[in-house]
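Some notes on the structure that comes next.
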Amino acid sequence: MSAVSLGQRSSSWILILALSVTGVLAGCSSSSEDPPQEDPSPDAGSPPPDAGNPPPPPPSFTWGNGTDTGTLEGNVWTPGRDATGLVNAASWALVPKGRWIQVSGTPLTSLDAEVKAALPGFRDLGSGGIAGVINAYSGVAVDAPRARWWAFGGGHGDSSNNGVYRFDMAKMRWSIEQLPDNPANWTGVVYGNTYSYYPPAAEYSKAHPDSDVYGDEFFDPSRPAASTGHPVARHTYNGLVYNPDLQEVAFGVRRMWRYSLTTHTWKRHNPFNTPGATYDGATGYGGAAGWTFWDEVKHRYLFGPTENYNYSKWWSFDTDDQAWNWEVITPPAWQFAQMVRVGRKLVSFPAPEAQHDTFPPRLVTYDMDTGEWGFLHLKSELEVSRCFSGDFEGQIFAYVPPLNRYIAAFRYDRDGDGSFEYRTFEVDPVALTLREAPEYEAGAFDGWHELVKNRFFYLATHDALVYVRKGEENLRVFRLP
């Protein structure tokens, strides 16, 4: 088989990673108990602008023109900004190349006080607080040309916070895109062990199976203030994606949800217009760990609920005619892989190990135009006995266009002592080789983190790799040499 073509992309945003995952209708625990809304049509809600009336594009990424360079102390950079808050180009020039650098003041938890100031008395019911929005099995939706991304997640016992949060590399700061719902409006609601569903909505859904109400939204006839129609917090896995054509963020975990960045409203869709249906992984809805991609040519969202060895069809939603379609049946599924987009190809790298027949290492490709899957077997010096075979959700994978290389990281016992260290590797898609690349471990990389999901990617605006490791930690950047 020939190597994946990595030719020029049709638009600059495609050039980089839009890793996204989606686990459709079944969360990581019990998914029959997820949220909904009242009796409107299946595509109710305030609709974001669709393909027929696209919103104007947002401003391009820009640097500040001030002279403040900030400071660099060890591996921690404090940005210098101009009077408008933009990071100065002169400050970015201070960041050294070829090693991981932390950006001071960039944990998601830096927004905690701001959320509580906007919602007096706000209390996250989960154990992880606002950090759980991304730590709890969730990724981000990346707008690469503008160097920004959005987080929405939490869920289960980790966080009840269903706010939308944005990080802008132009200012190197998090901000609140949309405030979370206020738990004060849920007084008297009895939750179980998860905040990934809203009990009154789930009860209404069971009592009115033909309504467009499902447990994964805040719908509550008895509590009007709680009946916002917003999605509840949930693990979004790799399923969060940015749509540059419609200016929205979308995911397909449980139902499909779309957040308009222009009207600041949510819109939800019942897959295949079947409220109250029982979904079966064999037909496409199994598992919550999968991928979501926006196809700008066919004006459709692609949902791939096939991670964790779930054999399933992919499914799609056409934003022009609101049509749902079953897509191809996947090849043998694999565990906790990442998938990136390169032109019209989706490319994934399953963790190499013998137990699930992913050794020797290989790339798995999906052609968005033909719907065909392919395998590209890689030459390497890996030893199968040193490949980690347990559950591990810290694997990362990103495409770097200037190098025409993929950067991967996973656990591997290089020294043969059973420690299975976190190692970085480089994949050449032309020579079809996988080599260990310790140069990407230099500096403040700080080892592996189980739930990194798609929070590792390349940004052309900065010619750098970006690593959003944990919600309570600083952002990490790696300028290419």
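The values are calculated or read from the model by the stated rules, or taken from the named source; none is laboratory data. Nothing here was measured: the structure is a model prediction, and the numbers come from that model. Using ideal geometry, Cβ is built from the backbone for each residue, glycine included, and neighbour counts are taken over all protein chains shown. Note: accessible area is taken over every heavy atom of the protein model, side chains too, but ligands, DNA and RNA are not part of it. Shrake-Rupley method; radii C 1.70, N 1.55, O 1.52, S 1.80 Å.
Distance between the 7 Å Cα→Cβ label points at residue 110 and residue 298: 4.1 nm.
Ordering 187, 78, 265, 370 by accessible surface, largest first, gives 187, 370, 78, 265; the 1.4 Å probe counts only protein heavy atoms, with every chain in place. Using the beta-carbon distance between residue 375 and residue 435 and R0 = 22 Å, what value does 1/(1 + (r/R0)^6) give for FRET efficiency, to the nearest 0.05? The computed FRET efficiency comes out at 0.70. Using θ = phi - 60° in the Karplus curve 6.51 cos²θ - 1.76 cosθ + 1.60, the 3J(HN,Hα) couplings for the stretch 85-100 round to x, 6, 5, 6, 4, 5, 6, 4, 5, 6, 6, x, 9, x, 7, 6 Hz; x is entered for Gly and Pro.
3J(HN,Hα) along the stretch 238-244: 9, x, 9, 9, 9, 10, x Hz, from the Karplus curve 6.51 cos²θ - 1.76 cosθ + 1.60 with θ = phi - 60°, whole Hz, x for Gly and Pro. Calculate the FRET efficiency for residue 480 and residue 187 from the Cβ-Cβ distance with a Förster distance of 60 Å, rounded to the nearest 0.05. My answer for the efficiency is 0.70.
Proximity of backbone amide H atoms, modeled 1.01 Å from N, is registered between residue 254 and 23, 24, 25, 26 at under 5 Å, excluding neighbours fewer than 5 places apart on the same chain. Between residue 414 and residue 176, the FRET efficiency estimated from the beta carbon spacing at R0 = 51 angstrom works out to 0.75. Full extension of the chain between residue 117 and residue 72 yields a length gain of 13.0 nm, computed as 0.36 nm times the residue separation minus the alpha carbon distance. Close amide H partners of residue 337, meaning residues 5 or more places away or on another chain with modelled amide H under 5 Å apart, are 308.
Residues 373, 326, ordered by accessible area of protein heavy atoms at a 1.4 angstrom probe radius and largest first, appear as 326, 373.
May I ask you to list the aspartates and glutamates whose Cα is less than 14 Å away from that of residue 345, ignoring any residue fewer than eight positions away on the same chain? Qualifying aspartates and glutamates at Cα under 14 Å: 295, 296, 367, 369, 372.
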